[in-house]
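Take a look at the structure below.
The values are calculated or read from the model by the stated rules, or taken from the named source; none is laboratory data. Note that this is a predicted model, so its numbers are computed, not measured. Don't worry about glycine lacking a Cβ; one is built from the backbone with ideal geometry, like all the others, and counts go over all protein chains shown.
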Amino acid sequence: MRIAKRDELTGKSVAIIRILAILAALVISGIFLIIVGENPLQIYISMVDGALGSGFRIRETIHTTIPLLVTSLGIMIAFKMKFWNIGAEGQIYMGAFGATYFALNFSYLPKPILLILMALGAMIMGGIWLLIPALFKAKFGTNETLFTLMLNYVAIKWITFLQFSLWKDPNAMGFPRMANFTENAMLPKLFGVHIGWVVALILVGFIYVFMNHTKTGYEVSVIGESEDTARYAGINIKKTIIRTMFIGGGICGLAGMIQVAGISGTLSVELSRGVGFTAIITTWLSGLSAPVVVIASLLFAILEQGGSFIQTVYQIPSSVAQILQALILFFVLGSEFNIKYKLVPTKKSKGGI
Amino acid sequence: MLVSFLHATVQAGTPLLFATLGEILSQKVGNLNLGVEGMMIMGSVMGFIVGYNTGDPMLALLAAAAAGALGALIYAFLTVTLKANQEVTGLTLTIFGTGFASFLGHNVVGYRLPDAINNFFLRIPIPLLKDIPFIGEILFNQNIFIYFGYLAVVLLGVLLYKTNLGLNIRMIGENAAAADANGINIVKYKYTFITLGGALCGLGGAYLSLVYVPVWQENITSGVGWIAVALVIFSVWNPYRAIFGAYFFGGLSIVGFRLQAFNLPISIYLLDMLPYISTIIVLIIMSIKKSKENKAPSELGHAYFREER
């Protein structure tokens, strides 16, 4: 047997391969669960129950989906350009920082104005947090994977500093926490869920149009395919990188604002807890398609919610969900081999291919 | 004061050293493995659990190396055999490793290791060498794990630059098609050295849980693996330079804590940023003064596919 390139597969067979990969991940982690003495079937069923079993649980799952979806959209633009933005976690925190600045200092403003200022503050801070590595990447070719990753730690230390020192609430009786937002700094609700979901869906449309129907979006994908081609086509690579990365980081920052203003009502180092990393998986899983990433984010939110449910009910660590997420991506990554290549018997292909 | 600081620097730098050496091996055969953090924490948790249950330090180290190697094997299968994207596969390995460690470790959080382990990693001054002024105390009054680190540097240096095996490794990293034409079994080499690299990362993680901390806590690696990936660039893929980088960054990671004693007008939380900001500065400097000698292996990040050469 030898490996040969495969012609383009239809969307349908690609989807089937992906679904098979997810099933395989469930089987393998099932075996793992049996080894450690658990009943996988029972765990999977209660995970789904914990995520979707009641109106309240569904709303909680949607709450988890929203930041994941928004962050994935921000990461997607970068990945399309093969710019490895691993720093979404930091961009979320810096975005939340920008939003919190306005929420704490301008709480007297009317709600719509305050919320818009918070969103802008978040997008600018998140944007800057990705703009810095993007500038260095464009100018010197500095490795963006490590740069963005290190900025995660810097951002988290910065928030720690704010929470434990600079912005510590003096009325919290010595507790290291920041003051709660006032009511007019909180996102309004629609159908029982904060309007972050509307923002997320609008962004899905925006990113879809941006990537598929605008000049800049087209340039982004050309740069991702080959920088040489882009240069030959007369695309200003540096300008495109810098501009789109500011947007991408801004969207991740907005996810931070949605979290503080929609869920927690205050900023703390506990805010994101890995959304920026999970979003990398969902982005890749979606094949960099904005509509598909909605499904991927929802699937992973179900896993997360289910994970914390089994932790409370069966005392099984919620990290089962994390392992399952990683396994799913392992299998999807592996299954891409079947999409791009095929095995052919050595004898037959002597004259051909 | 300075001696005791530098002594502590070597200790703080040792996990970085093992991880950097491991990643150098992987990158030399052309595979960028961003799963260092994941392999380290897998090694860390396995080393701790086996050490806690058996009280046997050698078994604990073996388990840690095996766990790191297992992570690397998953990575190798995906990127070498199935030609999956190296960046994303490595990232996923880190996420997997973190979940794996927090799952297996949840029963032993905060537990202490048996004395047999702690005693094994007590300081063993090396006769004669330890009497060298200044250097003796810093380098040769350490525990056996740290000496093993020196040995690993030398072994890796000899392997890469003085043996045929090393020549083949470097050829795969620089020009896989040429290596293939020379009859080198690329797949076998890649699997071997990616896995070996993973074992070294696992040992680096074990140093944290068995010697440095030495209690199991979640997120015990806290970015050490990522700094190691940056150190590979800093050390220009050279194991001898890796040792300086690792100890330098080891020093940076403890300097904030030590400076507290001086009542500086700067918050400890901001000083905690130091290792990460320094890593960024190193990355920038290395990218500005790019030259022929400190270039990454040319094949880094590419899957080798014979029909595409």
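Given (1) within 14 Å of chain B (Cβ to nearest Cβ); (2) at positive phi, where does A:Gly234 come up short, assuming only one miss? Status for A:Gly234: all satisfied but (1). Put simply, of A:Val220, A:Val204, A:Val199 the only residue that is modelled with pLDDT of 85 or more and in contact with a Lys or Arg (Cβ under 9 Å, 6 or more places away or on another chain) is A:Val220. Note on segment A:105-145: residues that are free of Cβ contacts under 8 Å to residues at least 24 places away in the same chain, among the hydrophobic types (A, V, I, L, M, F, W, C) and within 14 Å of chain B (Cβ to nearest Cβ) amount to 3.
A:Ile280 satisfies every condition listed in (1) more than 9 Å from chain B (Cβ to nearest Cβ); (2) farther than 28 Å from A:Ser54 by Cα except (1). Being away from chain B (no Cβ under 14 Å), surrounded by fewer than 20 Cβ atoms within 10 Å (Cβ to Cβ) and either closer than 17 Å to A:Asn180 by Cα or under 14 Å from the mean Cα position of the chain (by Cα) (or both) is the requirement here; does A:Phe102 meet it? It is false that A:Phe102 is away from chain B (no Cβ under 14 Å), surrounded by fewer than 20 Cβ atoms within 10 Å (Cβ to Cβ) and either closer than 17 Å to A:Asn180 by Cα or under 14 Å from the mean Cα position of the chain (by Cα) (or both). Can you name the residue in segment B:97-144 that is touching a Phe, Trp or Tyr at 6+ places or on another chain (Cβ under 7 Å) and within 14 Å of chain A (Cβ to nearest Cβ) and is also surrounded by the most Cβ atoms within 10 Å (Cβ to Cβ) among such residues? Checking each candidate, the answer is B:Gly105. Scanning segment B:17-56 for residues that are surrounded by fewer than 24 Cβ atoms within 10 Å (Cβ to Cβ), within 14 Å of chain A (Cβ to nearest Cβ) and part of a helix (DSSP H, G or I) gives a single hit, B:Ile49.
Every condition in (1) buried (at least 21 other Cβ atoms within 10 Å of the Cβ); (2) away from chain B (no Cβ under 14 Å) is met by A:Asp169 except one, and the failing one is (1). Does at least one position in segment B:66-86 carry a residue that is among the hydroxyl-bearing types (Ser, Thr, Tyr), touching a residue at least 60 places away in the same chain (Cβ under 8 Å), within 12 Å of another protein chain (Cβ to nearest Cβ) and closer than 18 Å to B:Val229 by Cβ? Within segment B:66-86, one or more residues are among the hydroxyl-bearing types (Ser, Thr, Tyr), touching a residue at least 60 places away in the same chain (Cβ under 8 Å), within 12 Å of another protein chain (Cβ to nearest Cβ) and closer than 18 Å to B:Val229 by Cβ.
One line per residue, one yes/no per condition, for (1) modelled with pLDDT of 85 or more; (2) hydrophobic (A, V, I, L, M, F, W, C); (3) not in a helix (DSSP H, G or I):
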position: A:Val14; (1), (2), (3): no, yes, no
position: A:Arg18; (1), (2), (3): no, no, no
position: A:Ala24; (1), (2), (3): yes, yes, no
position: A:Gly30; (1), (2), (3): yes, no, no
position: A:Thr64; (1), (2), (3): yes, no, no
position: A:Ala78; (1), (2), (3): yes, yes, no
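Among the candidates B:Val232, B:Val187, the residue that is at pLDDT 90 or above, more than 22 Å from B:Leu59 (Cα to Cα) and under 11 Å from the mean Cα position of the chain (by Cα) is uniquely B:Val232.
Listed here are the residues, each with its yes/no results for (1) aromatic (Phe, Trp, Tyr); (2) facing chain A (nearest Cβ under 9 Å); (3) buried (at least 17 other Cβ atoms within 10 Å of the Cβ); (4) in contact (Cβ under 8 Å) with a residue 40 or more places away in the chain.
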residue	(1), (2), (3), (4)
B:Gly202	no, no, yes, yes
B:Leu252	no, no, yes, no
B:Gly256	no, no, yes, no
B:Ile285	no, no, no, no
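On inspection, A:Ile316 qualifies as aliphatic (A, V, I, L, M), crowded, with 17+ Cβ neighbours inside 10 Å and either modelled with pLDDT under 90 or farther than 30 Å from A:Phe147 by Cβ (or both).
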